[in-house]
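Written below as structure tokens is the structure these notes are about.
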Amino acid sequence: MASQWYSLVSQKLFLARTLLETPKQPTDTGNPVHTPAQKLQREAATQGSIELLLRARRLLLIMIARFYQKRSEEPSSLAELANLIGEQATETSELRALEQEAGSWWNHLDQLETAQSRPPAARKTVSAENIIAVSAEVGPDRSAQVLMKTLNAVKQFADNLEEQHGEW
């Protein structure tokens, strides 16, 4: 039963990878109409891959619950999983450590989920009076390279879980 959940997690990660690897179409400098459409497609691919990564993480929690024979439970957070299988469970402690680690895939997904669930920050208009400071865009790194790194880490974690529990 748990391997079905592993397959579902893997499917979401594969689809996210497909979106991230979507080739960028060459910009046609002679036709400026294509540029906004290309930016829109890139943003859709980015947001879509983030949503698939977040879904894969939630399904990963359900997969872990199934490993512990919790057939009717579907935890949607690490706290719910910990209440279900216990804080002493290896998976709970591993995920808690990832939650606390600043550069971990779990932490990155938390940041992406927060950013994805809020409207974009209002931008100030640039004028001669306020052009002194340059501010970098706040929020988690949404670049394809960093998203791919997070995706690979989630995949590795899921693969390790399946391998460990598949031995039983």
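The values are calculated or read from the model by the stated rules, or taken from the named source; none is laboratory data. This is a predicted model, so every value here is computed, not measured. Methodologically, a virtual Cβ is constructed for each residue, glycine included, from the backbone with ideal geometry; neighbour enumeration extends over all protein chains shown. These accessible areas exclude ligands, DNA and RNA; they are computed on the full protein's heavy atoms, side chains included. Shrake-Rupley method; radii C 1.70, N 1.55, O 1.52, S 1.80 Å.
The table for this structure:
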item	result
Fraction of accessible area attributable to carbon and sulfur, the stretch 70-120 (%, probe 1.4 Å)	45 percent
Cβ-based charge dipole, the stretch 56-99, positive-most Cα from Ala82, Tyr68, Ser93	Tyr68
Heavy-atom surface of the stretch 45-109, accessible at 1.4 Å and reported per residue (Å²)	44 Å²
Potential extension, Ser72-Arg96 segment - 0.36 nm per residue separation minus Cα distance	6.3 nm
